[in-house]
Every structure is written in C-alpha cells, then in structure tokens.
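Remarks on the structure that follows.
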Amino acid sequence: MAIECAFNRCFRKDIRARGLCKAHYQQWYTGKTLTPILRDLNALVEHGSKYCSNCWTIKKLSEFHKSVNHEGGRLSQCKPCRLSKQIARYESSEKAALARQRKNRMESLDAERLRECTACIIVKPHDAFYRHPKQRSGLSTICSACRSEYSKKWMKSNPGKSADYRNRWEQKPGSRDIILANRKRFHTRNPDYNRLKASQRRAAEKGSTAHPVSQRQVRSLLQDLGAKCFYCEGPFEHLDHFIPIAKGGAHVIHNLVPACADCNLRKSDKMPWDWMPELGIPKLDLRAVCTALY
C-alpha cells in the first residue's frame, strides 16, 4: 500500500523522512512553516477544489468568494474564515461599541415600555409606534407621527405611483374583505366619525366655519370634560354642537360637548340657554360654560 505525505491532505507519495514528502520535508528542514505546494494548489483548482490559506483545508470552489485579482478567480480564504475575521474586526471597532451602547439603551427603554424614534429622536411610549413583525421588539423604529408625515409627503410628490399601488393592491383577491373589515373596525372604535363628517358638511353649506375634527381632538376633549353628558352628567353617547349649526354655530372642536342621546335629541337645534331650564336648571352660568369649553 502506498504511503502518502503526512501533511494535511498532501497526496504526494515521494516520502523522505518524518512522513513528509520531498517538498514538505525541505520546508521543515529549512525551518519554514509547512504550506501547500503551488503545483498542488493549481491541480486542486483544475479539479474544482481549493486550499484555504487560513484553516488549511480543501474545500469546493463555491466555498470561496469570486475575485478577479486572485489566482484562479477566487479569494485565498474560504467564506467562513473570512466572515469570522470580519466579525472580529467589527467587534473591535468604535462602531460596534456605539451599537452595543444603543442596544443597551433600547433594552432599558423597552423595559419601561418606551422607545426612541429614529426620525425625530424623541422617546415615546409603545402606543406611538406601529407594529412591525420583522423587528426584534415587534415595533417599528419610526413613530406613527413621523411615518404618517413621510407617507403624506411621498404620496404628494408621487401621486401617480401611490394611486397605481393602491389600485393594484385593491385588485388582489381578498383585498376587498380586508378593506371592509378595517372600515368596520374603525367605525366601531370611532362611532362619531360619520356624524362629525355630516356636521362639517352641513356647516359648510350654511356658510359657517367648518374645520375637520380629528379623533385625537375628540379624545382630548373627552379627557378634559370627562366622558359624561355635559348637561345632565349622564353617560356619554353623542357629540353635540353647543351652539347649533342651524343657528349659525361653527363646526370646530371648541363648539363640541359630550352629551347623552336623550339630551342631544331633546335639545335639537335650540340654544342651550333656552333649553337648559327644561332640565330644571333655572339659569345657565355662561361664565362657567366658557371656562369649561375654552
């Protein structure tokens, strides 16, 4: 049986001493580090293999990155060795230190249910961020306000693209069901949305001031006045125009008060100081009302 060279995967059979072939024995004898012989490397490349200069193992050419400047059209180090060196170089850099600091800061904020927006650099609660399943924390890195502002700018600068994207998405199977489900969920959470839109249209038709009222403004109003009827302190069910639109009242957030369904229907288009005595209140304190509303 023929004996091969003891050097790692050297297939030469001209053994001299110490189990090494003639070429590797000469390297050992002269005190050099044992390395593959160039002729062997060229033969490996011809057969679809290559020596890694870092781990000194024979691997397929697909395990090496392509390179025009290297012999054989491949880098001298295999992909795992090259990746490990790149990781070690990155870990010792200043950029990695900053990344670790940011990671520790994000973890401390997440423990308090807070998050820093990467756009406005403001720490906000988790409720101010959209969900993002691909992020580790499950939340987007940009807050909903910045995301909405960016989307509005993009849609304004690309009107044709936004309409094309929307039309293509609506033509997909099942998209109509998603739209209807989202609308139903929105109107369930915001029951006064349609009534506010109708009131804004009526105020505009009568020539009164008509400003859009957002759901955020409604929530702020309910937080300030309380989620109870402004007239009888019953349960909140409707939003009522304190000065009726039919009498020239404006559709603005400062003219809206929470009311129960009974008070809102009984008041109808009457002025509050004409209708309040029906509730048993002899005189309406306008100063107290103005202080509460404004």
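Computed from the coordinates by the stated procedures, all read-outs in this text should not be read as laboratory data. Being a predicted model, the structure only gives us computed values, none of them experimental. Here the Cβ is made from the backbone with ideal geometry for all residues, glycine too, and neighbour counts use every protein chain on show.
Which of the lysines could be linked to LYS267 by a straight reach, that is with a Cα gap under 17 Å, when you skip same-chain ones fewer than 8 residues away?
Straight-distance partners of LYS267: LYS228, LYS247, LYS283.
So, R0 is 30 Å and r is the distance between the beta-carbons of ALA204 and ASP262; what FRET efficiency does that work out to, to 0.05?
Rounded to the nearest 0.05, the efficiency is 0.60.
Per residue of the chain, what 222 nm ellipticity follows from adding -39500 (n - 2.57) for every DSSP H run with n ≥ 4, rounded to the nearest 500?
So the helix-based figure for the chain works out to -13500 deg cm²/dmol.
Which number gives the lysine pairs in region 93-152 that have C-alpha atoms under 22 Å apart and are eight or more places apart or on different chains?
Going through region 93-152 pair by pair, I get 5.
Assign unit charges at the C-beta atoms only (+1 for Lys and Arg, -1 for Asp and Glu), then state the dipole size of region 193-293 relative to its Cα centre in Debye, rounded to the nearest 20. If you can, show how the numbers build up before the last one.
Values: 14 positive and 10 negative charges, 70 e Å.
About 340 debye.
Could you pull out which residues in region 117-151 have an amide N less than 17 Å from a spot 7 Å beyond the Cα of ALA99, following the Cα-Cβ vector?
Inside the label zone: 135-137.
Output wanted: per-residue J couplings in Hz (rounded whole) for region 199-205, from phi through Karplus 6.51 cos²θ - 1.76 cosθ + 1.60, θ = phi - 60°, x for Gly and Pro.
5, 4, 5, 5, 5, 5, 5
Distance between the C-alpha centers of region 80-124 and region 159-234? Whole Å please.
Comparing the Cα centres of region 80-124 and region 159-234, I get a distance of 39 Å.
Nearest 0.05, what FRET efficiency do SER214 and VAL68 give at R0 = 51 Å with Cβ-Cβ as r?
Calculated value: 0.30.
Could you pull out every residue, at least 5 positions away or on a different chain, whose amide H is within less than 5 Å of the one on ASP240? Hs are placed 1.01 Å off N in the peptide plane, and Pro or chain starts have none.
Close amide H contacts, sequence-distant or interchain: VAL257, ALA259.
Considering the alpha-carbon set of region 93-152 alone, what are its Rg and its Dmax in angstrom?
Final numbers for Rg and Dmax: 12.2, 39 Å.
Would you mind checking region 99-132 for residues with the amide N under 18 Å from a putative spin-label position 7 Å along Cα→C-beta of LYS153?
117-122
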